[in-house]
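Here the structure comes first, spelled out in structure tokens, and everything after it is commentary.
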Amino acid sequence: MCAACLRPQSTCICRWAAPVSAVAEVLILQHPMEVANAKNSARLLHLCLPGSRLESGECFDPARLDALLAGPRRSLLLYPDTPGDASMGTAPAPPFDPAWAGDPSALRLVVLDATWRKSRKMLYLNPALQRLPRLPLRSMPASHYLIRKAHAPDQLSTLEATAYALAQLEDDEKKFAPLITAFDGFVAQQQGQAHARRAALAADLGSPGDTQDQPWLGSPG
Ligand SMILES: [Zn+2]
């Protein structure tokens, strides 16, 4: 087990970590179902952002959550506007003041790492999150949008959405580009491992013995 990324050594993702010091503080609230999800990008995000916090939970203890959200920094929730909130029984988010974006050193970006459904539930279960103004994520940089046009904006990974939000806050796309590169490497690794597992399975099922237990494939001596 790797102590940094908490994965088995064989699937360690630490080599992708590209540390970038964001001016805004980042708090990642990870749904428990994401903790063991190999495709989850929040751990890599955490490794890329020294000083970020990664906390796991669905319904947080209110005192603990208040402590995590305490000042002097102003906490902003990275979450789209959801006009249907009243019907869900949650309070409408307070308005976002564009003037706040001018000073990222006074900000804490709060990111929910969950599926859309589970993020709705986290919002519903934690009134302190409902009280946070939301940072509207502007459209992605054009170059990445072309590469990732299969993604709707709300289907961005946690890492991508956070990288774009931090770039937006600091008005510095280049500074946070290494995070996207790290993510691309991470995705390629996940795909490679899935491919290797399928290939191994196919070899096993298709021609048992063909690739295994043949002495001339073993190391000499
Ligand atoms: Zn690792």
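Report yes if SER56 is within 20 Å of GLU173 (Cα to Cα) and touching a residue at least 12 places away in the same chain (Cβ under 8 Å), otherwise no.
no
Looking at this structure, is ARG64 away from the ligand (no atom under 14 Å from the Cβ) and in contact with a Leu (Cβ under 6 Å, 6 or more places away or on another chain)? No; evaluated as a whole, the condition is false for this residue. Just the residues that are in contact (Cβ under 8 Å) with a residue 24 or more places away in the chain, aliphatic (A, V, I, L, M) and in a loop (DSSP other than H, G, I, E, B), please, taken from the stretch 17-53. Passing the criteria: ALA17, ALA18, VAL20, ALA22, VAL23, ALA24, ALA38, LEU49. Is one or more of the residues making up the stretch 63-74 within 20 Å of GLU170 (Cβ to Cβ), touching a Phe, Trp or Tyr at 6+ places or on another chain (Cβ under 8 Å) and assigned to a strand (DSSP E or B)? Scanning the stretch 63-74, I find at least one residue that is within 20 Å of GLU170 (Cβ to Cβ), touching a Phe, Trp or Tyr at 6+ places or on another chain (Cβ under 8 Å) and assigned to a strand (DSSP E or B), so the answer is yes. Residues that are without any contact (Cβ under 8 Å) to a residue 12 or more places away in the chain and part of a loop (DSSP other than H, G, I, E, B) were ranked within the stretch 1-16; the one that is nearest to the ligand (Cβ to nearest atom) is CYS12.
Checked against (1) away from the ligand (no atom under 16 Å from the Cβ); (2) within 23 Å of GLU173 (Cβ to Cβ), PRO32 passes all but a single condition, namely (2).
Of note, ASP81 satisfies the criterion of being touching a Pro at 6+ places or on another chain (Cβ under 8 Å), charged (D, E, K, R) and either at pLDDT 95 or above or closer than 23 Å to GLU170 by Cα (or both).
The values are calculated or read from the model by the stated rules, or taken from the named source; none is laboratory data. Everything numeric in this text was worked out from a predicted model, so none of it was measured. Don't worry about glycine lacking a Cβ; one is built from the backbone with ideal geometry, like all the others, and counts go over all protein chains shown.
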